[in-house]
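None of the figures in this text is laboratory data; all of them are computed from the coordinates on show. Keep in mind the model is a prediction, meaning the values are calculated, not measured. Backbone-built Cβ (ideal geometry, glycine too); neighbour counts: all protein chains shown.
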Number of protein chains: 2
Amino acid sequence: MHAILRSIPVSAADWLSAAVRAAGIERSLRAGQTLFRAGARTAGLYEVAKGKLRLVRVDRDGREAVLHTAAAGDTIAEASLFSATYHCDAIAMTDAAVRLYPKAVVLAELQSNPKAAQAFTAMLAHQVMTLRTRLEQRNIHSARDRIRHYLAVNAGADGRTVALAGTLKELAGELGLTHEALYRTLAEMAASGEIARRKRTIRLRKSPI
Amino acid sequence: MHAILRSIPVSAADWLSAAVRAAGIERSLRAGQTLFRAGARTAGLYEVAKGKLRLVRVDRDGREAVLHTAAAGDTIAEASLFSATYHCDAIAMTDAAVRLYPKAVVLAELQSNPKAAQAFTAMLAHQVMTLRTRLEQRNIHSARDRIRHYLAVNAGADGRTVALAGTLKELAGELGLTHEALYRTLAEMAASGEIARRKRTIRLRKSPI
DNA sequence: CGGCGTTTTGAGAGAGCTCAACATCGGTGG
DNA sequence: CCACCGATGTTGAGCTCTCTCAAAACGCCG
């Protein structure tokens, strides 16, 4: 799935001109530190240089919804180029480094450089599709089927091996499950022989129909 | 929320050049008819001229996930400009009419017309934020809170009146609830005085904190 | 070795889903 | 104008499933 879009450059490095990149402002973050919060004035586009960040919205119950996870090479706050304030919090999951490309510089670049604009647009289009896939996933109520869906969507080249980016607890958050439910269901699926678990991978025993 | 992006032209009419619009191919659809299905080769960008369409993905249980609802003036299949196949089904909810702008024509336009490209990009950015809001919504487990969230996000200018676009059953699908749960919870909220229901509107009694 | 966070397993309760029956509304045709 | 029909809207009762709270084992790092 998304085979074509996968080949599109996701890294800002690939489409921002040297001039824009030169205007980038580096910043380091410790694990757990906040890059920006919802409601704050938007500064521009961030590129993750090192580590991982997550975009979350917090509802009044203190529950966190993980909207996105960005690793090195990814950009965040793309949509904020067209908005005055951020609409979610960005928090470093690990020690991390980001580069800020000021809004005006990026917008000028997008207007003057069709190639950059096209790449940026393609990346947004890709994000729309990824988000829709996650929305589809959230429509699945059963924990088991939701995990199956995740494994199917995120399987590697062989179609049955999934590399886990972070901890299972993080995965639970991304799936919208409690970590207990995820642990339990994974254990059941392993017991029934549907999956095999290793250090940082899960392998599907049978290919999903 | 999204106050700024709301003012961005959502209609294709506003940014496609006359030449591209002239290349548009009209097509009529009866209620329930399918415009395209997941997996089919992408033809281009569609603009809804009349009626309403919905984009859905169907899982193996036959359950429908409503990814998007498009009304007159909206475009659909934007991301498909960068993909060889569609990733969801488009189904007419009412008798409808659409205009197809062939992929090559639109892509050429985006490359040659910075203004169009910018408008298109802004629209995609807007979609990303809308999708994230829906993803946030799906993280809310309680039916009541999910409805509250929907009402808060979709309240009109006065901040407490929400116009219902379609049937409650459709709304239930969009909220990821069964229609029974939605009916019941709306009835409870009306009984407790939290909302007031009219023909095609819901009004919040108190402004949500 | 000690401490902290992840991983794991247990038991109970709540909330939405499912199945079911009925009411209501809008359109159609006699 | 009225009867019919389908879809939406509404309410009831039971059940399943995940969430919640709890406690303990495990792994990693200082």
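Structure notes:
- Farthest toward positive dipole pole in the protein assembly as shown [+1 Lys/Arg, -1 Asp/Glu at C-beta], among A:THR42, B:TYR183, B:LEU35: B:TYR183
- Normalised by the number of residues in chain B, the average gap of Cα pairs under 8 Å and 6 or more apart makes the relative contact order 21 percent.
- Nonlocal amide H pairs with A:LEU35, under 5 Å, H built at 1.01 Å: A:ALA90, A:ILE91, A:ALA92
- With Cα atoms, 0 to 90° folded angle of helix B:179-191 axis to chain B main axis: 50
- Set of aspartates and glutamates with alpha-carbon distance to A:LYS206 below 15 Å, sequence-local pairs under 8 removed: A:ASP145, A:ASP158, A:GLU194
- In the stretch B:119-209, inverting the average of 1/r over every pair of distinct C-alpha atoms gives 13.8 Å as the Kirkwood radius.
- Amide H partners (placed H, <5 Å) of A:ALA72, local residues excluded: A:GLY51
- Karplus 3J(HN,Hα) series, Hz, for the stretch B:99-116 with 6.51 cos²θ - 1.76 cosθ + 1.60 (x for Gly, Pro): 10, 9, 9, x, 3, 4, 5, 5, 4, 4, 4, 5, 7, 9, 10, x, 5, 5
- Gyration tensor verdict on the protein assembly as shown (Cα atoms; rounded if a/c is under 1.5, prolate if a/b is larger than b/c, oblate otherwise): rounded
- Computed magnitude of the charge dipole of the protein assembly as shown (debye, nearest 20; Cβ of K, R +1, Cβ of D, E -1): 640
- Sorted from nearest, the other copies put their B:ASP61 label points 2.0 nm away, the label point being 7 Å from Cα in the direction of Cβ.
- Cα shape, the stretch A:135-178, gyration tensor, a/c 1.5 rule: oblate
- In terms of overall dimensions, the stretch B:81-160 has a Cα radius of gyration and Dmax of 17.4, 48 angstrom.
- Calculated P(r) of the stretch A:98-137 - Cα pairs past 15 Å, %: 56
- Around the Cα centre of the stretch B:52-116, unit charges on the Cβ atoms of Lys, Arg, Asp and Glu (plus for the first two, minus for the last two) sum to a dipole of about 100 debye.
- The string of couplings for the stretch A:22-31 from the Karplus curve (6.51, -1.76, 1.60, θ = phi - 60°) is 5, 7, x, 10, 6, 8, 9, 9, 8, 4 Hz, one whole number per residue in order, with x for Gly and Pro.
- Anisotropy class of chain A from Cα gyration tensor, a/c 1.5 cut: prolate
- Likely footprinting exposure, B:HIS141, A:HIS68, B:HIS179, fewest C-beta neighbours within 10 Å first: B:HIS141, B:HIS179, A:HIS68
- All lysines inside 22 Å of B:LYS115 as judged from Cα atoms, apart from same-chain residues fewer than 8 positions distant: A:LYS103, A:LYS115, B:LYS103
- Estimated dipole of the stretch B:50-209 in Debye, rounded to 20 [Cβ of Lys and Arg +1, of Asp and Glu -1, Cα centre]: 540
- Estimated from helical segments only, the mean residue ellipticity of the protein assembly as shown at 222 nm is -11000 deg cm²/dmol, where each DSSP H run of four or more residues counts as -39500 (n - 2.57).
- Long-range amide H partners of B:ASP59 with built H, under 5 Å: B:ALA65
- Here the stretch A:138-189 and the stretch B:123-171 have alpha carbon centers that stand 26 Å from each other.
- Whole-Å distance, taken between Cα centres, linking the stretch B:19-83 and the stretch A:26-61: 34
- Taking A:ASP14, B:ASP158, A:ASP59 and counting other C-beta atoms within 10 Å, the order from fewest to most: B:ASP158, A:ASP14, A:ASP59
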